[in-house]
Amino acid sequence: MNRQDFIKTSALATAGIISRPFITFANQSKYKVALIGCGWWGTNILREAVASGVSNVVALCDVDETQIKTCQNELKTWTSDQPKVFKDFRECIKNTKPDIVINATPDHWHALIAIEAMKNGAHVFLEKPIGHTIKEGSAILKTARDTGKMCIVDFHRRYSPHNVSGMEFLRSGKVGHISEVRAFVNYAQGFGEQKPSEPLPDGMDWDMYCGPAKLIPYHSDIHPRAWRRQRNFANGTLGDWAPHWFDQILWWTEENAPKKIFSTSTKKSRDNIQDVPENQLVTYEFESFICFWEHSINNKRPVQQGENVGAYFHGTEGTFHMGWHGGWTFYPQSKNASIIHEDPQLDLPDGQNIKLVWADLIKSIESGKIPHADIKHGRYATNMSLLGMLSNDLGRSIIWDDEKDMVVGDVDANKLLRRDYRGEWVYPS
């Protein structure tokens, strides 16, 4: 994003996103909404869609009947809508013809469902990361532009008041010249002990769950929450958490993509089902700054000041921490200067600002203008995560050409920008 775009966006954010009049709708239209992926997070998004007053929930779709039933019970407390129920997203979209599809499935389903929805006339509210492999993201962006449909990514940190004001502070020059940024997520976690495969629960279509990915044995520690720790379905902490913070960094800079990427990670130390890095370091070289990524699931970094998530922007005048539950804080270089802090304004129950993302989607649909968290930004932030995983897989650095959407002079690396799909599923183009 260039400086003029940033100034315009910041002005819009200050005048519109933070103030409640932004969450009013010109014609109070009713949009037919289908939720695909009815778990915890999909239900959170649906709650805000219903609360907006412009949604008519026409369908719930999930391969797990238990997830659907739980979502149905929640939905009954918000609205009298009687959505149809599906296990196959294609039937869901074909039979109910939604205006908006909420795609809150595991990562390996993001591309196929988003593309199917847009090609059938629906706008899309898409979870991050936008895809499991890089070329999936390219295909989603192409489909959005070809169809003219809005595809917004759930980057609620683009809308949260403290993130908006923090970005203005960063761009004010008060942090000085910034040449180093460090993004990090450090949580001590445990994910499922190793044990034999388990029988499928009633109402679960595991073959459809795996879909285009390899069919692996069912394991209750994979579904519904720990699929993010399975490379078959996701890309670990770097794929899960990092897109939020990379998007913040890319929002700040005028550059769209790093030029050189190198990742390293520790060997697995726990006997559990995950097959993604427990601890990982990635270096991203941009033209004007260096970005470092760090995550650990073994240590919360108790010696670290402030939250154990976020991004540090290290400037000549001090360090700015863009955080989450802790808001943002500027630690000045001068000992005589005072620390500057702003608390967050986050919505319950999960400390997010999904309602602002939903409001922007509706506003974009009605105005025809690209949303603030457009799929293009989703592609940039997701690519950073996936390029880090690609370097880690190869065990060496890679040079990225974003305009050509390829790794420079590296046949083996470019082969990994996509993967073979299983069975009837066809990789998007």
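The values are calculated or read from the model by the stated rules, or taken from the named source; none is laboratory data. Remember, predicted model here, so these are calculated numbers, not experimental data. We place every Cβ from the backbone using ideal geometry, glycine too, and count neighbours over all the protein chains shown.
Here THR43, THR105, THR70, THR143 are screened, and the one residue that is in a loop (DSSP other than H, G, I, E, B) and at pLDDT 95 or above is THR105.
Conditions tested, residue by residue: (1) hydrophobic (A, V, I, L, M, F, W, C); (2) touching a residue at least 12 places away in the same chain (Cβ under 8 Å).
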{"site": "ALA337", "(1), (2)": "yes, yes"}
{"site": "HIS341", "(1), (2)": "no, yes"}
{"site": "ALA359", "(1), (2)": "yes, yes"}
{"site": "LYS369", "(1), (2)": "no, no"}
{"site": "ILE375", "(1), (2)": "yes, yes"}
{"site": "TYR380", "(1), (2)": "no, yes"}
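In this structure, HIS341 does not qualify as modelled with pLDDT of 95 or more, in a loop (DSSP other than H, G, I, E, B) and either more than 30 Å from ASN279 (Cβ to Cβ) or assigned by TED's automatic domain parsing to the domain that holds ARG231 (or both). When each of LYS128, LYS94, LYS119 is tested for being under 14 Å from the mean Cα position of the chain (by Cα), basic (Lys, Arg) and modelled with pLDDT of 95 or more, the lone residue that passes is LYS128.
Name the residues in segment 382-402 that are in contact (Cβ under 8 Å) with a residue 24 or more places away in the chain and either part of a helix (DSSP H, G or I) or within 17 Å of ARG182 (Cα to Cα) (or both), would you? Of everything in segment 382-402, those that are in contact (Cβ under 8 Å) with a residue 24 or more places away in the chain and either part of a helix (DSSP H, G or I) or within 17 Å of ARG182 (Cα to Cα) (or both) turn out to be THR382, ASN383, MET384, SER385, LEU386, LEU387, GLY388, MET389, LEU390, SER391, ASN392.
So that you can scan it fast, the table gives a plain yes or no per residue for (1) within 27 Å of ILE68 (Cβ to Cβ); (2) more than 20 Å from the chain's Cα centre (by Cα); (3) part of a loop (DSSP other than H, G, I, E, B):
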site: ALA188; (1), (2), (3): no, yes, yes
site: PRO196; (1), (2), (3): no, yes, yes
site: ILE216; (1), (2), (3): yes, yes, yes
site: ASP221; (1), (2), (3): yes, yes, yes
site: PRO224; (1), (2), (3): yes, no, yes
site: ASN232; (1), (2), (3): yes, no, yes
site: THR237; (1), (2), (3): no, no, no
site: HIS244; (1), (2), (3): no, no, no
site: TRP251; (1), (2), (3): no, no, no
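Going by the structure shown, is GLY148 at pLDDT 95 or above, touching an Asp or Glu at 6+ places or on another chain (Cβ under 6 Å) and surrounded by fewer than 18 Cβ atoms within 10 Å (Cβ to Cβ)? Taking the combined requirement at face value, the residue does not satisfy it. None of VAL85, VAL50 is in a helix (DSSP H, G or I) and either at pLDDT 95 or above or hydrophobic (A, V, I, L, M, F, W, C) (or both) except VAL50. Using the structure shown, decide if THR143 is without any contact (Cβ under 8 Å) to a residue 60 or more places away in the chain and either surrounded by 24 or more Cβ atoms within 10 Å (Cβ to Cβ) or among the β-branched types (Val, Ile, Thr) (or both). Criteria not met by THR143.
Take LYS355 and tell me if it is without any contact (Cβ under 8 Å) to a residue 12 or more places away in the chain, of a type in the set (Lys, Arg) and farther than 22 Å from GLU285 by Cβ. When the stated conditions are applied, LYS355 does not pass them. The listed residues are VAL276, VAL357, and the only one of them that is of a type outside the set (Lys, Arg), within 19 Å of the chain's Cα centre (by Cα) and outside any loop (DSSP other than H, G, I, E, B) turns out to be VAL357.
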